[in-house]
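Trainee: Attaching a single structure in structure tokens format; questions to follow.
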């Protein structure tokens, strides 16, 4: 797994350097850019990160707003948040909002490998789910195509039967017309013959 990572940090150069250094030193992460919170949405289309690491210090509320916006626009993007300290309410809020994990600065170096394992498992699950959805979609499409072909074949057979029936009906009508015409001719001949005989006497 390789996650192109965008570091979002408004906490100053030292904190930015700490996080970017950790990203560079961690297998599975590749630093593609650094951003402030206000520049993030402009930079994402240019950098195409798969992971956004959002530093909540010094303004957790802005960080949470950014997290909400990222999950709305890019639901498949992974998001990590970090902060000076673990605050229970802040951790709960960010996790409910869609963060993959919450890191505190004292232990994030040790936490990161385990966090990435969880992200990898989640990503593998998403890939498998997508594969199954594609297979199910293809199966449904194949079933519908088969039913359409069967329906067309049935319709074609029905049309052939209809054409044969029409032709048979036409032949019957023509035969009846010929018989009627012959009967009329015979009848006329009989009448003429009768008249002729009558006049002869």
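Trainee: Would you check which residues across the range 86-103 are in contact with a strand residue (DSSP E or B) (Cβ under 6 Å, 6 or more places away or on another chain) and surrounded by fewer than 22 Cβ atoms within 10 Å (Cβ to Cβ) and list them? Write out each step before concluding.
Mentor: The first filter runs over the range 86-103 and keeps only residues in contact with a strand residue (DSSP E or B) (Cβ under 6 Å, 6 or more places away or on another chain), leaving 86, 91, 94, 99-103.
Matches in the range 86-103: 86, 91, 100, 101, 102.
Trainee: Please state which one of 45, 60 is without any contact (Cβ under 8 Å) to a residue 24 or more places away in the chain and assigned by TED's automatic domain parsing to the domain that holds residue 94.
Mentor: On the way: 60 fails: without any contact (Cβ under 8 Å) to a residue 24 or more places away in the chain.
Criteria check complete, one pass: 45.
Trainee: So residue 58 passes all but one of these: (1) part of a loop (DSSP other than H, G, I, E, B); (2) within 31 Å of the chain's Cα centre (by Cα). Which condition number does it fail?
Mentor: Only one criterion is unmet by residue 58, namely (2).
Trainee: Which condition number does residue 89 fail, the rest of (1) free of Cβ contacts under 8 Å to residues at least 12 places away in the same chain; (2) closer than 28 Å to residue 129 by Cα; (3) more than 30 Å from the chain's Cα centre (by Cα) being met?
Mentor: Condition (2) is where residue 89 drops out.
Trainee: Okay, next question. Identify all residues within the range 1-33 that are assigned to a strand (DSSP E or B) and buried (at least 18 other Cβ atoms within 10 Å of the Cβ); write none if there are none. Quick ask: steps written out before the conclusion?
Mentor: Initial filter on the range 1-33 (assigned to a strand (DSSP E or B)): 3-8, 29-33.
Across the range 1-33, the qualifying residues are 3, 5, 6, 7, 8, 29, 31, 32, 33.
Trainee: So which of 30, 36 is touching a helix residue (DSSP H, G or I) at 6+ places or on another chain (Cβ under 9 Å) and more than 20 Å from residue 106 (Cβ to Cβ)?
Mentor: Working: 36 fails: touching a helix residue (DSSP H, G or I) at 6+ places or on another chain (Cβ under 9 Å).
Only one candidate passes the filter, namely 30.
Trainee: Criterion first (free of Cβ contacts under 8 Å to residues at least 60 places away in the same chain, closer than 30 Å to residue 16 by Cβ and outside the structural domain of residue 23 (by TED's automatic domain parsing)) does residue 138 satisfy it? Steps first, answer last, please.
Mentor: On the way: free of Cβ contacts under 8 Å to residues at least 60 places away in the same chain: yes; closer than 30 Å to residue 16 by Cβ: no; outside the structural domain of residue 23 (by TED's automatic domain parsing): yes.
When the stated conditions are applied, residue 138 does not pass them.
Trainee: Restricting to the range 92-129, what's the tally of residues that are without any contact (Cβ under 8 Å) to a residue 60 or more places away in the chain, more than 32 Å from the chain's Cα centre (by Cα) and in a helix (DSSP H, G or I)?
Mentor: First, pick out the residues of the range 92-129 that are without any contact (Cβ under 8 Å) to a residue 60 or more places away in the chain: 92-104, 106-107, 110-111, 114-115, 117-118, 121-122, 124-129.
With the extra rule that they be more than 32 Å from the chain's Cα centre (by Cα), the set shrinks to 103-104, 106-107, 110-111.
Pick out the ones that are also in a helix (DSSP H, G or I) and you get 110-111.
Count: 2.
Trainee: Out of all the residues in the range 64-86, which are in contact with a helix residue (DSSP H, G or I) (Cβ under 8 Å, 6 or more places away or on another chain) and either more than 26 Å from residue 106 (Cβ to Cβ) or in contact (Cβ under 8 Å) with a residue 40 or more places away in the chain (or both)?
Mentor: As a first pass, look at the range 64-86 and keep what is in contact with a helix residue (DSSP H, G or I) (Cβ under 8 Å, 6 or more places away or on another chain): 64, 66-71, 73-74, 76-83.
Those that are in contact with a helix residue (DSSP H, G or I) (Cβ under 8 Å, 6 or more places away or on another chain) and either more than 26 Å from residue 106 (Cβ to Cβ) or in contact (Cβ under 8 Å) with a residue 40 or more places away in the chain (or both): 66, 68, 69, 71, 73, 74, 76, 77, 78, 82.
Trainee: How many residues, within the range 61-85, are part of a helix (DSSP H, G or I), surrounded by 19 or more Cβ atoms within 10 Å (Cβ to Cβ) and under 27 Å from the mean Cα position of the chain (by Cα)?
Mentor: Selection size over the range 61-85: 3.
The values are calculated or read from the model by the stated rules, or taken from the named source; none is laboratory data. Here the structure is a predicted model, which is why all the values come from computation and not from measurement. FYI the Cβ positions are ideal-geometry reconstructions off the backbone, even for glycines, and counts take in every protein chain you see.
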